[in-house]
Amino acid sequence: MVRSLIPLERIQQRIIRLRGQKVMLDSDLAELYGVETKRLNEQVKRNKARFPADFMFRLTKHEVDALNRSHFAIGAHRDPRFLPYAFTEHGAFMAANILHSPRATEMSIRLVRTFAKIRQLLATHADLARKLASLEKKYDSKFKLVFAAIRCLMVPPKEEERN
């Protein structure tokens, strides 16, 4: 079963932020679904109507260069003439639908759980920020340093700093 092969944390590490959205690159999605990147992209081309702009977009050369500098190493096994696609959450699920394999189905379930976990963490983070702001209003400047330290801990790491 796929569950023992790819833990949720590993899937979560492959979700990156581009153009203000959480996305997965075509090569990572293909690996999770157990197909070659080329095959995934062929199926996407055959089913273009299922992938509007808010489901998938092609990276620019500048974005690829920035990701390569950030230790993502995109260009290692792909034809340099074709820039990678980035799939949003909905695009990743749609890709599973066009692949029609048991592994793609299982992985789409795991992706749903992973994206849900990320949304839950973001909601918790926003709730914590609201509570912290409320506490700052309540207490005087004696705790200013403590609140500043907590705010520093709440800042997510930059994409370049992620492993």
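A few remarks follow.
- Proxy reagent accessibility, fewest Cβ within 10 Å first, across Lys22, Lys48: Lys48, Lys22
- As a calculated quantity, the FRET efficiency between His90 and Cys152 at R0 = 35 Å, using C-beta atoms, amounts to about 0.55.
- Spin-label pair Arg81/Arg103, simplified geometry with 7 Å Cα→Cβ offset, distance in nm: 2.7
- For Met56, distant residues with modelled amide H under 5 Å away: Thr88
- Mean Cβ neighbour count within 10 Å, used as a protection proxy, ranking 50-56, 110-116, 128-134 highest first: 110-116, 50-56, 128-134
- Out-of-range pairs (alpha-carbon distance over 27 Å; input Lys38/Lys61; Lys61/Lys117; Lys22/Lys137): Lys61/Lys117; Lys22/Lys137
- Separation of the Ile118 and Glu36 label points, Cα + 7 Å toward Cβ, nm: 2.8
Values quoted throughout were computed directly from the atomic coordinates according to the rules given, and no laboratory measurement underlies them. For clarity, every value in this text was computed on a predicted model and none was experimentally measured. Don't worry about glycine lacking a Cβ; one is built from the backbone with ideal geometry, like all the others, and counts go over all protein chains shown.
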